[in-house]
Amino acid sequence: MLKHLLILILVATATAGPIGFNSHIRPLLSDHCFSCHGFDSNSREANLRLDTSEGAFAVRKSGSAILPGDPEGSLIWKRITSDDPDDIMPPPDHLLRLDAEEKELIYHWIKEGAKYEEHWTFIPVKKPDFPDLSPHPLDSLVRQKLKTLELDLSLRASKETLIRRLSFDLRGLPPTPE
């Protein structure tokens, strides 16, 4: 019990902020679960799909794989923490095993509501808001990052300096005097 408490504390401090599906959970499920419970209906086992919220939250005879907010009631938690070789997931013959930190990450994600996010490739690209009216939008982003690092923007380079830099970039040699 003390071991589980220590792991919970370590994971809670390691993942400052909310646990994101795309950044934390999808990679775990992809490595450990999607080969049997993913999008491919030909290789899907137990008719369980974990790559979509509809599949994960679906009510089944044995219960829901994931009950948002209730890790102990979620079948996925029961299966990944089981000691029974017939029930444990991933199965014993699976090459990759979930370690204690990964299990606790899944636990906290379910506890936080198990929010699924659309895969990043399907999220429409949005133009970022630029904080100031610089001559170029990239200058705004650079200036914003420099502020967070407490650095100043360097002075604008002279035409001669820019030509010299361009010559090095294009030819690898300094410009000739003419």
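Values for this structure:
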item: For the chain: relative contact order, % (alpha-carbon pairs under 8 angstrom, 6 or more apart); result: 18
item: Degrees between helix 2-14 axis and first principal axis of the chain (Cα, 0 to 90, nearest 10); result: 30
item: Given charges at beta-carbon only (K, R positive; D, E negative), |dipole| of the stretch 127-178 in Debye; result: 100
item: Charge dipole (debye, nearest 20) of the stretch 2-122; +1 at Cβ of Lys and Arg, -1 at Cβ of Asp and Glu; result: 220
item: Principal-axis tilt of helix 100-111 within the chain, Cα atoms, nearest 10 degrees; result: 90
item: Mean separation of Cα contacts under 8 Å (6+ apart) over length of the stretch 127-178, as relative contact order %; result: 16
item: Links that overshoot a 25 Å alpha carbon limit, given the list Lys78/Lys111; Lys78/Lys115; Lys61/Lys111; Lys115/Lys147; Lys61/Lys115; Lys115/Lys145; result: Lys115/Lys147; Lys115/Lys145
item: In degrees, nearest ten, helix 159-171 long axis to first principal axis of the chain (Cα); result: 60
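Only the coordinates and a few stated rules stand behind these numbers; no lab work does. Please read all numbers here as calculations on a predicted model, not as lab measurements. Positions of Cβ are backbone-derived with ideal geometry, glycine not excepted, and every protein chain shown enters the neighbour counts.
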